[in-house]
1. Any residue that is under 25 Å from A:Gln131 (Cα atoms) and within 17 Å of the chain's Cα centre (by Cα) - is there at least one of those in the range A:57-76?
2. Kindly indicate the residue of the range B:44-91 that is surrounded by fewer than 12 Cβ atoms within 10 Å (Cβ to Cβ) and not in a helix (DSSP H, G or I) and also modelled with the highest pLDDT among those meeting that condition.
3. Can you tell me which of (1) crowded, with 17+ Cβ neighbours inside 10 Å; (2) in contact with a Lys or Arg (Cβ under 8 Å, 6 or more places away or on another chain) is the one A:Asn57 doesn't meet?
4. Please give the number of the condition B:Asn35 fails out of (1) polar (S, T, N, Q); (2) surrounded by 15 or more Cβ atoms within 10 Å (Cβ to Cβ); (3) at pLDDT below 70.
5. Inside the range A:47-96, can you point out the residues that are within 13 Å of chain B (Cβ to nearest Cβ) and among the charged types (D, E, K, R)?
6. In the range A:31-39, is there at least one residue being crowded, with 21+ Cβ neighbours inside 10 Å, within 20 Å of A:Lys132 (Cβ to Cβ) and in contact with a helix residue (DSSP H, G or I) (Cβ under 6 Å, 6 or more places away or on another chain)?
7. Looking at A:Glu154, A:Glu146, A:Glu115, A:Glu141, which one is farther than 17 Å from A:Leu87 by Cα and surrounded by 18 or more Cβ atoms within 10 Å (Cβ to Cβ)?
8. Can you name every residue in the range A:106-160 that is assigned to a helix (DSSP H, G or I) and of a type in the set (Lys, Arg)?
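The values are calculated or read from the model by the stated rules, or taken from the named source; none is laboratory data. Predicted model, so just to flag it, every value in this text is computed and none were measured. Cβ atoms come from the backbone with ideal geometry, glycine included; neighbour counts cover every protein chain shown.
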Amino acid sequence: MRSFDARLDALALEGLEIEERLLNWQEGRHLERLPVGPFAQLAVIVHNALLLYHCRNFTFHSCWMTRKTPQLNQSEVDKHVSTILDLSQTLLSDTYIPAVLLLFPLRMAGAHVLESHAQDKVLDTIRKIRQKGFIVSDIIEVDLQELWHYNLGELTKANEMRV
Amino acid sequence: MVFGMSKMLLLLDPTNPLSLPTKSLIDAFWILETNRAILYGDNIALDPDKYQLSSTRASWPDPMKKILMLMIQASTFAKRQVSYTMIGEFS
């Protein structure tokens with residue numbers, strides 16, 4: 001229905017430009033092999049979350065399927081999720097960076113995990129943030145539980161239709 | 001908190017130099033506000049080009065400077081993207 005919408009074309013193009021800016025940040029980081037210091041590690045975590053966030057925003061509506069938009073394959077998604085979880089654990093245990101700044105990255109990681117052991121790891125990390133006094137993390141936990149419940153329902157429906 | 005802080009920022013005179021505590025307060029505001037907006041899919045409370053962001057950015061921890069600007073760009077874009085897509089889906 002919206003195959004010829006110039007505004008959508010422009011948004012897709014702008015989305016690609018933002019993706020390029022995100023990827024350029026990553027290229028600059030290759031100069032430094034490992035993030036040094038807590039703020040550098042936080043920036044790497046947020047960067048991985050931003051790529052998940054930005055690409056995911058092009059998966060919710062069919063109008064993007066016919067256009068070239070920012071995309072990640074499953075292997076890239078898994079890598080970003082793994083980096084977020086591993087570095088977040090390190091930051092929470094070894095530094096005094098305000099843990100609340102990890103909620104956005106963990107929400108993004110949580111939105112991309114399907115298996116229960118990965119979901120448990122996300123929840124475990126979010127609960128560590130709560131233990132540090134940021135009770136707002138309860139909202140993110142409930143939000144993720146609802147998302148996972150919804151996704152499971154959708155998966156069950158899809159499987160039933162296949163049978 | 002965001003509303004109160006936004007009001008304080010609006011009252012600042014952009015021609016006067018900022019004290020160190022004021023700069024620290026503004027830094028904290030922008031870091032928290034950027035995270036709040038992207039997490040809840042909300043608008044950024046103030047225009048970063050107009051309200052003191054540029055005058056304090058130099059004091060941010062270096063790795064955070066660019067990534068926070070990218071967060072603002074990505075969340076602002078997503079807000080426009082969702083608004084326009086929703087209009088199309090339901091019109």
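1. Initially, the range A:57-76 is screened for residues under 25 Å from A:Gln131 (Cα atoms), giving none.
Checking the range A:57-76: not a single residue is under 25 Å from A:Gln131 (Cα atoms) and within 17 Å of the chain's Cα centre (by Cα).
2. Per the stated criteria, the residue is B:Asp47.
3. Exception for A:Asn57: condition (2).
4. Evaluating B:Asn35 over (1) polar (S, T, N, Q); (2) surrounded by 15 or more Cβ atoms within 10 Å (Cβ to Cβ); (3) at pLDDT below 70 leaves (3) as the failure.
5. A:Arg56, A:Arg67
6. no
7. A:Glu141
8. Listed by number, the residues that qualify are A:Arg107, A:Lys121, A:Arg127, A:Lys128, A:Arg130, A:Lys157.
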